[in-house]
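Asker: Let me begin by handing over the structure; questions about it come next.
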Amino acid sequence: MKTLISSDVRLLANLIQEGKVVIFPTETVYGIGASTKSELACLRVYEIKGRPKDNPLIAHFHSIESIAAVCELGEVGRALLERFSPGPLTLILPKKDKSLFPKDLDTLAVRIPKSPVVREWIELSGGPISAPSANLSGRPSLTKLSDVLRYFDRVVDGILVAEEPSFGIESTVVSLVGMHPTLLRPGSIESRELLKLLPDLRIPELTSKNENQAVPLSPGTKYKHYAPTARVILASTEEFIESFKTMFQSKSMAWIGYSLKGNEPDAFKEGFGKQSFGDDDRFCLVSSNEDYASKLYAFFESCDMSGVQSIFCEVPKPGFGEEGLRNRLEKAASA
Ligand code: TXA
Ligand code: MG
């Protein structure tokens, strides 16, 4: 199959209207989308990803009003969207329009991506567009066009070329269905921000320890996510520096964290002296939790491509950006 790779939103909106599958960048990660109005097209997304059928998709909208037209938004939902959208927040809402995919659920996950280009595309396509992250099921989400092309060129009907993801981890998911609002997946919009509008927000322990529960909070939480093939080791700063100093020569190991620079052993400087950390795909230097999140999945991907077997990840810094990043690192380390 020939894949239409283009930045022409009109051409790619036509594909969605024809019931085709299109990959697009969002501010979080790449999505693989189809019209929420076409069950057949959405089912093809599952087939391409190898995604379990009981894990529903997020519907991507271009505006708050278009969400209110098909879901029970309510005052709280509207206030949350007005505060955090367009942006990396997904809400689970009661569904008014029962014809939308998935038909057998009376709730719908909704979100408005940040990029104006993507929103224009959604509007032109007649929206909404259902999309999980664009990766094979069980693999980390993708954040680089080059990785998307490697997996999906000639597999999907179209790829929208627009600004690459910058946040790097998937959206924060909050359920407004049921007795109490509940955080289902942490992300860049942090619980302390949400609590200002949702003082009764439930924040369950969302690490893998709780994932064997009989009734998962969200269908997605019972599946493995975010983990590369390589083993991920979440290391304290001391362990991280120690492992780097003693094992940097091993081609089967890789490091991502803050403390590479300034802790290079002399032998490193001699052997790797002409290279900055960015030149070697086994070393990834980060400068903030946000920078860490934006580089994480692409680093996992490149480690797997080069046959690395263990990846040392330094713990995130306490404070802003820690919550979502720590969640993904803990999941990856426990997979
Ligand atoms: O940032 C993101 O959210 C990206 C971009 C492409 O928008 N998408 C993404 O989709 O991460 P996905 O499918 O990988 O994750 C969606 C999560 C899953 O854990 C799924 O179970 C949950 O949202 N979800 C979707 N619909 C739901 C519903 N009706 N009730 C509860 N959870 C739902
Ligand atoms: Mg996903």
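The values are calculated or read from the model by the stated rules, or taken from the named source; none is laboratory data. Keep in mind that this is a model prediction, so the values were computed, not measured. Every residue, glycine among them, receives a Cβ derived from its backbone with ideal geometry; neighbour counts consider all protein chains shown.
Asker: Does residue 52 satisfy the criteria of being modelled with pLDDT under 95 and within 10 Å of ligand 1 (Cβ to nearest atom)?
Answerer: Details: modelled with pLDDT under 95: yes; within 10 Å of ligand 1 (Cβ to nearest atom): yes.
For residue 52, the condition - modelled with pLDDT under 95 and within 10 Å of ligand 1 (Cβ to nearest atom) - is met.
Asker: Looking only at residues in region 170-191 that are near ligand 1 (Cβ under 8 Å from one of its atoms) and in a loop (DSSP other than H, G, I, E, B), which one is surrounded by the most Cβ atoms within 10 Å (Cβ to Cβ)? Spell out the reasoning first.
Answerer: Going residue by residue through region 170-191, those that are near ligand 1 (Cβ under 8 Å from one of its atoms) are 170-171, 173, 175, 177, 184-185, 187.
Those left that are additionally in a loop (DSSP other than H, G, I, E, B): 170-171, 177, 187.
Values: 170: 28, 171: 26, 177: 15, 187: 25.
Among residues in region 170-191 that are near ligand 1 (Cβ under 8 Å from one of its atoms) and in a loop (DSSP other than H, G, I, E, B), the one surrounded by the most Cβ atoms within 10 Å (Cβ to Cβ) is 170.
Asker: Identify the residue in region 140-161 that is closer than 13 Å to residue 301 by Cα and touching a helix residue (DSSP H, G or I) at 6+ places or on another chain (Cβ under 8 Å) and, among all such residues, is surrounded by the fewest Cβ atoms within 10 Å (Cβ to Cβ).
Answerer: 144
Asker: Condition first: of a type in the set (Lys, Arg) and modelled with pLDDT of 95 or more. Now tell me which residues in region 99-136 satisfy that.
Answerer: Looking only at region 99-136, we keep the residues that are of a type in the set (Lys, Arg), and these are 103, 111, 114, 119.
Within region 99-136, 111, 114, 119 qualify.
Asker: Does residue 132 satisfy the condition of being of a type outside the set (D, E, K, R) and more than 16 Å from ligand 2 (Cβ to nearest atom)?
Answerer: Details: of a type outside the set (D, E, K, R): yes; more than 16 Å from ligand 2 (Cβ to nearest atom): no.
For residue 132, the condition - of a type outside the set (D, E, K, R) and more than 16 Å from ligand 2 (Cβ to nearest atom) - is not met.
Asker: For region 135-147, state whether one or more residues are of a type in the set (Asp, Glu) and within 16 Å of ligand 2 (Cβ to nearest atom).
Answerer: Within region 135-147, the subset of a type in the set (Asp, Glu) is 147.
Within this subset, residues satisfying the condition of being within 16 Å of ligand 2 (Cβ to nearest atom) are 147.
Yes: one or more hits.
Asker: Filter region 296-330 down to residues that are of a type in the set (A, V, I, L, M, F, W, C) and in a loop (DSSP other than H, G, I, E, B), then give me how many there are.
Answerer: Within region 296-330, the subset of a type in the set (A, V, I, L, M, F, W, C) is 296, 298-300, 303, 305, 308, 311-313, 315, 320, 325, 329.
Keeping just the survivors that are in a loop (DSSP other than H, G, I, E, B) gives 308, 315, 320.
Residues meeting the conditions: 3.
Asker: For region 90-101, how many residues are within 16 Å of ligand 2 (Cβ to nearest atom) and not polar (S, T, N, Q)?
Answerer: Step one: of region 90-101, the residues within 16 Å of ligand 2 (Cβ to nearest atom) are 90, 92.
Those still in the list that are not polar (S, T, N, Q) too: 92.
So the count comes out to 1.
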